[in-house]
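Report on the structure given below.
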Amino acid sequence: MSHYRSVVPIRLALNLIVFLLPPWDDNLESMNQHFGVCGSILTVAVATGALAQQAKLPPLKRQGSPEAVVKEHMAAINACDWKRILAQDPADVEIFSPDGVLAQGREAVGVMFAQVVRPFHEGGICGLKFTAEHTQKVGDTLNVQWRADAPFLAQPYRGADAYETKGGLMQAQVTTFKREDLKTK
């Protein structure tokens, strides 16, 4: 199970090192190439981690109902507005994503959404418009079947999220969204 914490950039860097390194030859040139790739990736990871740690989390902004929490969340995602998204997330928020990826805590969720609210060509989702197609309310949890559209998509992308709210904030989210499943033109 993956966890988004303050070490996420370093963990990602180590995974990149494993996949990007050329085969090891027992010569000096190969060794220098390996150390160069490792050093570059780790430098970027540490810098990214430091920037994420310095990002100031916005003050909490409670909504009046579970429906208002979800409406604000979807509007903030559509606007690619990191501060609006995080303004709804308490200290102990958790985001459950496909493949066992779990972001625990406000700082970790902030790091995760900092990657999400980037331009599409940079690996983010900015430019997608999410629209709720069906909603079921169970207590303070809203289960939402949604559709994502964009001019650069070959077809709409559909998924579902469960938004658990508490005290006017987003306490937890379970999502089916996988960016790599989007079909572009």
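Bear in mind that the values in this text are calculations on the coordinates, not laboratory data. None of these values were measured; they are calculated from a predicted model. Methodologically, a virtual Cβ is constructed for each residue, glycine included, from the backbone with ideal geometry; neighbour enumeration extends over all protein chains shown.
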* Subset of region 127-168 (residues that are exposed (fewer than 15 other Cβ atoms within 10 Å of the Cβ), of a type in the set (Val, Ile, Thr) and within 19 Å of the chain's Cα centre (by Cα)) -> THR131
* To do: Could you check TYR163 against (1) farther than 26 Å from PRO59 by Cα; (2) touching a Leu at 6+ places or on another chain (Cβ under 7 Å) and say which number it fails?
  => (1)
* Given the conditions (1) outside any strand (DSSP E or B); (2) within 16 Å of PHE96 (Cα to Cα), which single one is not true for PRO151? -> (2)
* Structure fact -> Counted residues in region 62-75 being in a helix (DSSP H, G or I) and surrounded by fewer than 16 Cβ atoms within 10 Å (Cβ to Cβ) come to 4
* To do: For region 76-126, enumerate the residues that are surrounded by fewer than 16 Cβ atoms within 10 Å (Cβ to Cβ) and closer than 17 Å to ARG158 by Cα.
  => PRO98
